1. What are the residues in the range 89-108 that are at pLDDT below 95, aliphatic (A, V, I, L, M) and surrounded by 13 or more Cβ atoms within 10 Å (Cβ to Cβ), if any?
2. When only residues in the range 51-88 that are under 17 Å from Leu129 (Cβ atoms) and among the hydroxyl-bearing types (Ser, Thr, Tyr) count, which is modelled with the highest pLDDT?
3. Do you know which of the residues in the range 39-98 that are in a loop (DSSP other than H, G, I, E, B) and of a type in the set (Gly, Ala, Ser) is nearest to Pro112 (Cα to Cα)?
4. Looking at (1) in contact with a Gly (Cβ under 7 Å, 6 or more places away or on another chain); (2) within 19 Å of Glu134 (Cβ to Cβ), which is the one condition that is false for Ala91?
Amino acid sequence: MSGFGDRLRREARRWFVLAREDVRAVDACLGSAEPVLGPAAYHLQQAAEKAIKGLLVTENVAFGRTHDLLRLGDLASSHYPAWIGHFERLAPMSIWNSAYRYPDAAGMTDGPPDIEELFAALTEVQDFLKKIEEAFGDLAEWSGLARGGRD
């Protein structure tokens, strides 16, 4: 990680761990006897958002309060130009932050993505997290950090 202190390292790892936990929630949503598609879409968006925010923390880039994956990807792309393709593929998930959580949200009338689209998005998020693992170490070793553990 490019020249940031222990505090930023811990913060970035917490973001990555929380992204992994959202992926586990997606697995539970899609693996149930009756898959729950809207919540799966929400947790996919959250996993992507938290992963990108973790990357931004590694570069000490302020990102404010946003769920816009396009904006976050734009902020990260100058620091991670080789990952622009991932940022572009994750960006359409932004709407999933609220579309299926509230009855009057944009996108609700169309219903959630179908299970095939969600599995494709899950693969993309997992590939992105794997790239982060390769760059920053095994995320599985960081599991205690989400709840304030130490490295």
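The values are calculated or read from the model by the stated rules, or taken from the named source; none is laboratory data. Predicted model, so just to flag it, every value in this text is computed and none were measured. Note that we place each Cβ from the backbone using ideal geometry, even for glycine, and neighbour counts take in every protein chain shown.
1. Within the range 89-108, Ile95, Ala99, Ala105, Met108 qualify.
2. Tyr80
3. Ser98
4. Only one criterion is unmet by Ala91, namely (2).
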